[in-house]
Amino acid sequence: MNHRPLRRAIALSLLALLALAGTASADRLFADGDLVSPTTPQGIKPLGDVAAGAEVSADIGFVLTCVGVAHVDAGQSVVLTENGGTQPADGEILSVTTAVLDPVPSDWADDGAGCPDPVPSLPGGAVSTVTLRAPTVPGPHTFTVAWARSFQPAGNGDSLALGPSMTSINLTMNVVGNIAPRLVLPVSFSVQGNTANGWTADWSGISATDPEDAPDPVPTCTPSTGTTLHLGTTPVSCSVTDRGGLTTTGGFDVTVVDTTDPVLAGVPADSEVITSDPTGTTLTYATPTATDIVDPSPDVTCTPATDTHVGTGTTTVTCTATDASGNSVEDAFDVTVSYRAPHTASATWQDPIDVSGNTFSTNYGRTLPIKVRLFVDDAEVMTGSASITVTPCGGGTGLELSPTSGGGRWNASLDTSLLVGSCHTVTAWVQGLEAGSFRLELRGAEPTRANKTPATPSSTATPASTSDTKAGTATEATTEQPGTSKPDRSKDPKPDKAGKK
């Protein structure tokens, strides 16, 4: 036998009887003004001091309490929608949002059954936001806001499940003539420096609100925006004044720090140096530079420093940049010093010049063929740069000859009539090195003509070619020099070797 329809019919009969007696024996749904104790509803919501004509909002919660034998069905949600209310003169209920409460749990009391002990209360799990416009008359005022209830999904006996017929709450406020503005300030904070010597103040996040002023008043701060705050802690003071003359002040601290390393630039690359000094060489390099966000002139030091003498081998130079806050960065480069013995040059003079005694004598005015073999580091050199210089023994202007290589030697011709004085030094040069020299004495030349300038057609003399100069002999000069007599060659035997006739 199925007894469930019978029990349901009995329950509906009981609810009908309750309907005749009112809804005192049905679940109650209370508006909650504090949202602190979710199962202990507060029927009054104090809003405190409110400016005249200001808009103010409050969130209202709800609590379902089991009462009597008529109940919300398990799984049902109660939907609360605005259902009017009362408002003071010159005040207004602007809006009331709809709230849909959480479904009733399965262990909630069935219709016709009493409530368990202790009596359960359920927080609704949703809020309705109420927005009011305050009256303009100063003093205390009360708004009453009401909600109509419906159920989803619908069930049997819904009209009897809740009592009384509406859920409501009172919202109280005290209207005042003028309220001081509110400053919105940050808490004290630290910031990384972003400019030379500190941080550029930026108060873009600071604002103020005022219920009477539209637009809101603008706060001012000291130091002002754009000021450079130096490293360390700076107190900032702010204030704002509304149109009614009320002022609010506040402040916070800003601590500027610098933890960013400087940047090194211009560190030399690794290099190799050749030196002829067996003890090493003197370091020479450009000291790097450094930049830093906060410190305009960080220190740069390098070890070993430039102009320091270092030995052969590899020396590591370490450069360090340090800013005023102690942040540092370093970089390094290597200098490898290698010893190479200096080059040496030598000369072997050939016939007709015999300088075993370091002196060669000949008659003034003779064109002297110069033949020489040149060596660098004991290796004979037949190409490249070579020259022969002829300079007066007592100083003065001399000649430079440009020899040519041929026949296994370097060849040049010296016209002695172009020389001033009786004593000269003839020097051979190769690859910029002095190879050797001898003393040239000219017989028949006036030894005291030191002030005479040689009549040189150019800075170099052209060596004789093999077609007009016989190897091993010198062509006699036939041009008579001004102010001198032509030497008597018949009485001056041709020398075969230096100092012999």
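All conditions but one from (1) touching a Pro at 6+ places or on another chain (Cβ under 8 Å); (2) under 24 Å from Val96 (Cα atoms) apply to Pro181; the one that does not is (2).
Among the conditions (1) surrounded by fewer than 16 Cβ atoms within 10 Å (Cβ to Cβ); (2) within 33 Å of the chain's Cα centre (by Cα); (3) not assigned by TED's automatic domain parsing to the domain that holds Cys221, Gly313 misses just one, which is (2). Only one of Val256, Val184 is more than 30 Å from Ala134 (Cβ to Cβ), of a type outside the set (Asp, Glu) and at pLDDT 95 or above. Can you tell me which? Going through Val256, Val184 in turn, the sole match is Val256. Among the residues of the range 12-49, the one identified as among the β-branched types (Val, Ile, Thr) and modelled with pLDDT of 90 or more is Ile44.
Would you be able to say whether some residue in the range 232-254 is touching a residue at least 12 places away in the same chain (Cβ under 8 Å), within 38 Å of the chain's Cα centre (by Cα) and assigned to a loop (DSSP other than H, G, I, E, B)? No, the range 232-254 has no match at all.
If you check Gly157, Gly91 for being surrounded by 16 or more Cβ atoms within 10 Å (Cβ to Cβ), at pLDDT below 90 and not aliphatic (A, V, I, L, M), only one passes: Gly157. Restricted to strands (runs of 3 or more DSSP E) entirely inside the range 48-166, those with at least 2 residues that are in contact (Cβ under 8 Å) with a residue 24 or more places away in the chain and of a type in the set (A, V, I, L, M, F, W, C) are 55-65, 77-86, 92-96, 128-133, 139-152. When the residues of the range 340-374 are filtered to those that are outside any strand (DSSP E or B) and within 60 Å of the chain's Cα centre (by Cα), the one that is modelled with the highest pLDDT is Thr344.
The values are calculated or read from the model by the stated rules, or taken from the named source; none is laboratory data. These numbers were taken from a predicted model, which means no experiment stands behind them. In this analysis, Cβ positions are derived from the backbone assuming ideal geometry, glycine residues included, and neighbour counts consider all displayed protein chains.
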